[in-house]
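Notes follow the structure.
The values are calculated or read from the model by the stated rules, or taken from the named source; none is laboratory data. Every value quoted in this text rests on a predicted model; they were computed, and no experiment measured them. Cβ placement follows ideal geometry from the backbone for every residue including glycine, while neighbour counts extend to all protein chains displayed. Side chains are part of the model used for accessible areas, which takes the heavy atoms of the whole protein and leaves out ligands, DNA and RNA. Shrake-Rupley method; radii C 1.70, N 1.55, O 1.52, S 1.80 Å.
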Amino acid sequence: MVKLLIALTVVCYFVSSPVFCAQAYTGKSAQQRQEEIRNRRSRLSSKIRALRGKEANLSGQMKELDEQADDLDTSLKELSHDLKVKQDELDVIKVRLAELVAELERRKALVADRVTAVYMQGELTYLELLFSAEDFREFINRAFYLNLIFEKDQELYESVKQKKEEVSQNKEKMEAAISSIAADREKLLEQSMQISRLRQDKSTLLRAIMSDKALAEKQFRELEEEGRRIEQFLRTLTGGYSGKWTSKFLKPVNGRITSGYGMRNHPILPGRRMHTGIDISASYGTPIKAGGDGKVVFAGWRGGYGKTVIIDHGGGLATLYGHCSGYATSVGQVVKAGQLIAYIGSTGLSTGNHLHFEVRRNGEPVNPMSVM
Ligand SMILES: [Zn+2]
């Protein structure tokens, strides 16, 4: 079967101009293409596997980053809450401090007032007040009460001052706590932003990988599709003919042999070329008969050969009928020796009505005269 495929390629080589081989595939090129497709598919499949691995890996990393971001978010919320609570406390402290400062001022004023009042009352100095006592006992009493009042004022003043100090310290502590929390919060925000940027990068990478993967998968599917088409083509070519023609071939058409097998000056193309078959002259429409039992593996236009029929005879033997005007058979048909398969014409690279008849053994052209 392989040999038959090679034969079909040789046909194209004979015709030599690529224009004539513009049809889908020759057997050999189909096999080569098939091999190429297998290789490319295996490469693509590794690539797709690798990309899938990368994709899974990146998705995993992104999931991790998402979890980290969630944790950070929770911590940030907690810190923000702490901050709010502390700030509220600070507000309370500030109010309390303001109250204390005011009270302290009031106390200070009170002490001053008291002294002023003492002066004002009798336009006496504090000492005069003391010394204006009529006797020592009164003096002592006055001194005692005055002292008492001053001491009370002083005590109150001191206690307020003390409280003010305490609250002041509280305020400082609170402010320190707040600025520490705020700093922590800043750090977390920075981390959160880093994670967000990292995630963004990975997301971009993931998109690129997914698009690469999609492209590779598309290429893979296209190759699969082409592989199927080639397989189909190869099936029609190799036909699966189970018989084996061993007899001499019949002359496919009655007529004069106008050109023999071998090197010759080509009737149309320049230079000497190998003539891989024989030309049998006959009038237009003359029936062409199968040279032997076999299966039709090709019936269609084949470059310079024009309308062509190829029959697989099994055992590596094939015959080709070129320049036909029409077909009387189709691909896949099993034919008997002498059965009508086509009609004489001048299609393809031909100068007049005739049959170009070829015999191939294991792909190589053989002189048809030697097997007829
Ligand atoms: Zn010929």
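In table form, for the structure just shown:
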read-out: Residues that are within 14 Å of the ligand (Cβ to nearest atom) and among the hydroxyl-bearing types (Ser, Thr, Tyr), drawn from the range 319-359; value: 319, 321, 346, 347, 350, 351
read-out: Strands (runs of 3 or more DSSP E) contained in the range 254-372 and holding at least 2 residues aliphatic (A, V, I, L, M); value: 278-281, 294-301, 307-314, 317-324, 340-343, 354-361
read-out: Scan of the range 251-297 for residues that are among the polar types (S, T, N, Q) and modelled with pLDDT under 95, ordered by number; value: 254, 258, 259, 265, 276
read-out: Criterion (more than 16 Å from the ligand (Cβ to nearest atom), at pLDDT below 90 and surrounded by fewer than 24 Cβ atoms within 10 Å (Cβ to Cβ)) met by exactly one of 300, 316; value: 316
read-out: Residue within the range 360-367 that is over 23 Å from residue 29 (Cβ atoms), within 16 Å of the ligand (Cβ to nearest atom) and surrounded by fewer than 24 Cβ atoms within 10 Å (Cβ to Cβ) present; value: yes
read-out: Enumeration of residues in the range 251-301 that are out of contact with any helix residue (DSSP H, G or I) (no Cβ under 9 Å at 6 or more places or on another chain) and among the aliphatic types (A, V, I, L, M); value: 253, 263, 280, 282, 288, 290, 296, 299
read-out: Sole residue being in the same structural domain as residue 163 (by TED's automatic domain parsing), modelled with pLDDT of 85 or more and open to solvent by 70 Å² or more (accessible area, probe 1.4 Å), chosen from 114, 96; value: 96
read-out: Single residue of 293, 279 found to be within 16 Å of the ligand (Cβ to nearest atom), open to solvent by 10 Å² or more (accessible area, probe 1.4 Å) and closer than 24 Å to residue 245 by Cα; value: 279
read-out: Residue check, residue 356 closer than 18 Å to residue 248 by Cβ and touching a residue at least 60 places away in the same chain (Cβ under 8 Å); value: no
read-out: Subset of the range 331-345 (residues that are at pLDDT 95 or above and among the small types (Gly, Ala, Ser)); value: 337, 338, 342, 345
read-out: Residue within the range 68-90 that is touching a residue at least 12 places away in the same chain (Cβ under 8 Å), out of contact with any strand residue (DSSP E or B) (no Cβ under 6 Å at 6 or more places or on another chain) and open to solvent by 90 Å² or more (accessible area, probe 1.4 Å) present; value: no
read-out: The listed residue being out of contact with any strand residue (DSSP E or B) (no Cβ under 7 Å at 6 or more places or on another chain) and farther than 30 Å from residue 69 by Cβ, out of 213, 152, 202; value: 152
read-out: Complete set of residues in the range 138-193 that are farther than 28 Å from residue 101 by Cβ and in contact (Cβ under 8 Å) with a residue 60 or more places away in the chain; value: 184, 185, 188, 189, 191, 192
